[in-house]
1. With each run of n ≥ 4 DSSP H residues scored as -39500 (n - 2.57), what mean residue ellipticity at 222 nm is computed for the chain after dividing by its residue count and rounding to the nearest 500 deg cm²/dmol?
2. Taking amide H atoms as placed 1.01 Å from N in the peptide plane, list the residues 5 or more away in sequence, or in a different chain, whose amide H sits under 5 Å from that of C59.
3. Counting only protein heavy atoms, what percent of the accessible surface of the chain is carbon or sulfur at a 1.4 Å probe?
4. Using θ = phi - 60° and the Karplus relation 6.51 cos²θ - 1.76 cosθ + 1.60, list the HN-Hα couplings for the range 347-360 in order, rounded to whole Hz, with x at every Gly or Pro.
5. Could you tell me how many degrees, from 0 to 90 and to the nearest 10, lie between the Cα long axis of helix 321-338 and the main elongation axis, the longest principal axis, of the Cα atoms of the chain?
6. Measuring from the lowest to the highest alpha carbon on each principal axis, how far does the range 1-123 reach, largest first, in angstroms?
7. With a point put 7 Å past each Cα toward its Cβ, work out how far R304 is from S193 in nm, to one decimal.
8. For helix 381-394, what angle does its Cα long axis make with the longest principal axis of the chain, in degrees from 0 to 90 and rounded to 10?
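The values are calculated or read from the model by the stated rules, or taken from the named source; none is laboratory data. Here the structure is a predicted model, which is why all the values come from computation and not from measurement. Here the Cβ positions follow ideal geometry from the backbone for every residue, glycine too, while neighbour counts run over all protein chains shown. Accessible surface is based on the protein model in full, side chains and every heavy atom, while ligands, DNA and RNA are left aside. Shrake-Rupley method; radii C 1.70, N 1.55, O 1.52, S 1.80 Å.
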Amino acid sequence: ALVLASIVHLDRHGGRRAGEDARRRFLESGHLKTDCWRCSLAPYGWDTDCRQYRRGGGCNDARLLSGLKHDLARSGFTGTNSWATDFAVADLVAIVLRRLKAQADAACGADVRRLVLGHPVVFAGATGTAAEAGFQLALERLREAAAAAGFEMVELLPEPTAAILGESAAPGVTLATDFGGGTFDVAVMDARSGPPRVIGLQGTAVGGDRLDGVLFETTVGPQLGLETLPNWLFNEMRTPAEAALLMADPGLADVLGRLATPAARTAAAILLEGHAHGFYRAIEAAKVRLSREDEVRLEYRGGRVGLSTLLRRRAFESMIRPELDRVRDTVLAGLQEAGLAPGEVTRVLLTGGSSQIPAFRADLAAIFGEDRLDRRDAFTAVVRGLGVHAGRLWAAAGPAVDGPSLAAPA
């Protein structure tokens, strides 16, 4: 199985990368830039189609776009332009899907043209009165991206629904939770009589990335003295995705230089000296360990950055309590939509990396009872269900539909 984050790395020479390799490359070298008067896109120092061109200015040699799933539902975000090249939203997502297709083609020894693509129940950008329109826009963009990546037959399926489909048929009511990096989703399936059917779907934009940000904001940042930075700067250092946006600003080095404080020098060491990737990975790794251990020492040494602080699970779970409450409310909303009481649920499936947080499991146990909780593999449960759905869709198609299929979460 290939685990591939929805992250895209673009560089001025036409390079296109996806996944963790994209993030690593940018966080290590994304601060490098080229002055406009040296750029090959402006050979005469002014005659260029590049929208980033500024006389006497410059721009970064690469861009990182993280959490593309969050932008799918935002009608105001139509794409981007870099180095005189336009990228529509679907073009950016297609970079990730092409990487997946290349892996599938190599594994199958054939041209994979059919795709079952999972998606969250709620897209982070689909909010307020325009939520339904944003949701439909996100699905449309996913289809466009799949077509651009080379797929001819595309089926979309909510990820928590897929998690249920991957399970062996069981009588009663199953509630599936998917607590991933960007979102939390829940689905309720009723198999008490007749074929199993999904009767409740809910989601919220709370995931592991946000929990990493809480850890930075409440513990890591203050430990390094970064809370003395201007509020806007401190807040935009919370997560790798936000830090990447900072690093994409060619004026960042000047801002930190003018501040000329110990906190600014630490921020510059993290963001401008190639240490951002290791720094944020250390935070994420410590958070993961807190799901297994009561105390964890978070350490990172790189250049002028020296971090060593003791983290306690109880304190961390207290800090993320507002996010956990939103997750719990989403579960209850799913039950309400299904018209069920907690006692009518036969089993509760837990999937997604963040589902390993003990406080999350304790919240579900308080609602349903510990004996009904059933944990599944964080990264394969949804994909297994997408594969089951692909088999049901196309197994009977026979020779009329050539080639294998690919199942992938968005």
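1. -12000 deg cm²/dmol
2. T34, C36
3. 50
4. Calculated HN-Hα couplings, in order: 8, 10, 8, 10, 10, x, x, 6, 5, 7, 5, x, 5, 5 Hz.
5. 40
6. Here the spans come out as 48, 33, 26 Å, largest first.
7. If labels sit at R304 and S193, their model points lie 7.2 nm apart.
8. 60
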